[in-house]
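Quick notes on the structure that follows.
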Amino acid sequence: MNIRTEDIKVNIGSLDILKGIDINVDNKEFVGIIGPNGSGKSTFLKCIYRILKPSSGIVKLDDKSIKDLTIKETARKMAVVAQHNHYNFDFSVKEIVLMGRSPHKKAMERDNEEDYKIMEDSLKRVDMLSFKDRSFSTLSGGEQQRIILARALAQKTDCLILDEPTNHLDIKYQLQLMSIVKSLNVEVISAIHDLNIAAMYCDKIYVLKNGEVVAYGNPKEILTPKLIKEVYEVDAIVNENSEYGTINIIYKPTI
């Protein structure tokens, strides 16, 4: 599937949050969106997954504007793992994951044997099957995030949107979550806070600053000491790890 945005702008009053963002994601790429706090990463992703309507511009899925798709049609193509997930009712873990099957259902259609199998398979992928009868509200933030990923897996979409998905996870589950996503063989667009995680998993990276794309390329091209200084205002050393074929970023402490 192809995901493309053209000149996405978001204005709130006199404040320009996004100033014309163009991206193109194809060929089952894992694309990272990085940038400092306030750069517009989450705002941009919300425009893609239809939580926020841009002031101008267009989002296209396979050359079709999302304005011409119903919410259910969009949900059949795109699943989302957001930063915050709150529910007003006390759902069980399996109920949360089964919500991922709703885009494939007619109104009032009940979950069937296949849906339950997909739910259990999705929980197995995130190492949470033993939690399926637990109340979602009793789980830690990290456990909840893994359940939300399982729900996204249950949607069986060709695109996955991640909004800083590893914020609540310890390092083991950060790597597990990103490795699972990488293995899905679908288009992925992810806002990422940790530059070393971005370097490990992303095929391409867009860098946002002050609502604009200031750089684009693969991690080795993008994550240089010069760019990190310009965008994040910190000094860093970037080393290449020949064993893993990735780069590692070490930040210099400020005194």
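Considering all C-alpha pairs of the range 199-255, those separated by over 13 Å amount to 62%.
Take the solvent-accessible surface of the protein heavy atoms, probe 1.4 Å, and return the percent of it on the range 129-229 that carbon and sulfur atoms account for. Present the calculation step by step, with values, prior to reporting the outcome.
Numbers: 2010 of 4010 Å².
That share works out to 50 percent.
Taking 28 Å as the straight-line reach from the Cα of residue 132, the lysines in range (excluding those fewer than 8 positions away in the same chain) are 72, 77, 94, 105, 106, 117, 124, 156, 172, 182.
With no solvent and one point on each alpha carbon, what is the Debye value of log10 I(q)/I(0) for the range 35-104 at q = 0.11, 0.14 Å⁻¹? The Cα Debye sum returns log10 ratios of -0.36, -0.57.
Largest first and in whole Å, the equivalent-ellipsoid semi-axes of the range 68-210 read 25, 19, 14, each the square root of five times a Cα gyration tensor eigenvalue. Summarising the label geometry, the points placed 7 Å from Cα in the beta-carbon direction at residue 121 and residue 64 lie 2.4 nm from one another.
Please grab the % of Cα pairs in the range 142-255 that end up more than 21 Å from each other. Within the range 142-255, distances greater than 21 Å cover 42 percent of Cα pairs. Extending 7 Å from Cα along the Cβ direction at residue 224 and again at residue 89 yields two label points whose distance is 5.4 nm. Computed from the alpha carbon atoms alone, the convex hull of the range 85-145 holds 95 Å³ per residue.
Projected label points at residue 113 and residue 212, each 7 Å from Cα along the beta carbon direction, are separated by 5.9 nanometres.
Surface listing: 97, 214 arranged by accessible area from highest to lowest gives 214, 97, probe 1.4 Å. Protein heavy-atom accessible surface, 1.4 Å probe, per residue over the chain: 51 Å². Ordered by solvent-accessible area of protein heavy atoms (1.4 Å probe), largest first, the residues 184, 98 come out as 184, 98.
Just round it to a whole percent: the fraction of Cα-Cα distances in the range 23-148 exceeding 24 Å. Every Cα pair in the range 23-148 considered, those over 24 Å come to 41 percent.
A probe of 1.4 angstrom, applied to the heavy atoms of all protein chains, finds residue 138 with accessible area near 80 square angstrom. A straight Cα-to-Cα reach below 24 Å connects residue 226 with the lysines 19, 41, 204, 209, 252, residues fewer than 8 places away in its own chain not being considered.
Measuring with a 1.4 angstrom probe and ignoring ligands and nucleic acids, residue 109 comes out at about 80 Å² accessible.
Evaluated at q = 0.09, 0.10 Å⁻¹, the base-10 log of the normalised Debye intensity for the chain, with identical point scatterers placed on the Cα atoms, takes the values -0.42, -0.51.
The values are calculated or read from the model by the stated rules, or taken from the named source; none is laboratory data. Please read all numbers here as calculations on a predicted model, not as lab measurements. Positions of Cβ are backbone-derived with ideal geometry, glycine not excepted, and every protein chain shown enters the neighbour counts. Heads up: the accessible areas ignore ligands, DNA and RNA and are worked out on the full protein's heavy atoms, side chains in. Shrake-Rupley method; radii C 1.70, N 1.55, O 1.52, S 1.80 Å.
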